[in-house]
Amino acid sequence: MAIRPKCDRCKKELKDFGGLLFSPPKNNNVKKLHICIYCYKDIVKEMKKFK
């Protein structure tokens, strides 16, 4: 059985390798989010606005 993760941002199934986004640690735990390549590009654009 293959694992078919979905993008935690847009909720679409990942067709290609995307990225992972990790939250800051809280009580020695982190959240791991799957991000598709399209949402990744959007997130990077948003981050560049804060430079």
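Filtering region 16-33 to residues that are touching a residue at least 12 places away in the same chain (Cβ under 8 Å) and either at positive phi or assigned to a loop (DSSP other than H, G, I, E, B) (or both) leaves ASP16, PHE17, GLY18. Of all residues in region 30-51, those satisfying the criterion of being open to solvent by 100 Å² or more (accessible area, probe 1.4 Å) and more than 11 Å from the chain's Cα centre (by Cα) are LYS45, MET47, LYS48, LYS49, PHE50, LYS51.
The residue that is surrounded by the fewest Cβ atoms within 10 Å (Cβ to Cβ), among those in region 7-25 that are among the basic types (Lys, Arg) and modelled with pLDDT of 95 or more, is LYS11.
Output the number of residues of region 1-14 satisfying the condition of being in contact (Cβ under 8 Å) with a residue 12 or more places away in the chain and among the charged types (D, E, K, R).
4
The values are calculated or read from the model by the stated rules, or taken from the named source; none is laboratory data. The structure presented is a predicted model; accordingly, all values stated were derived computationally and were not measured. Cβ: placed from backbone, ideal geometry, glycine included. Neighbour counts: every protein chain shown. In case anyone asks, the SASA skips ligands and DNA or RNA and just uses the protein heavy atoms, side chains included. Shrake-Rupley method; radii C 1.70, N 1.55, O 1.52, S 1.80 Å.
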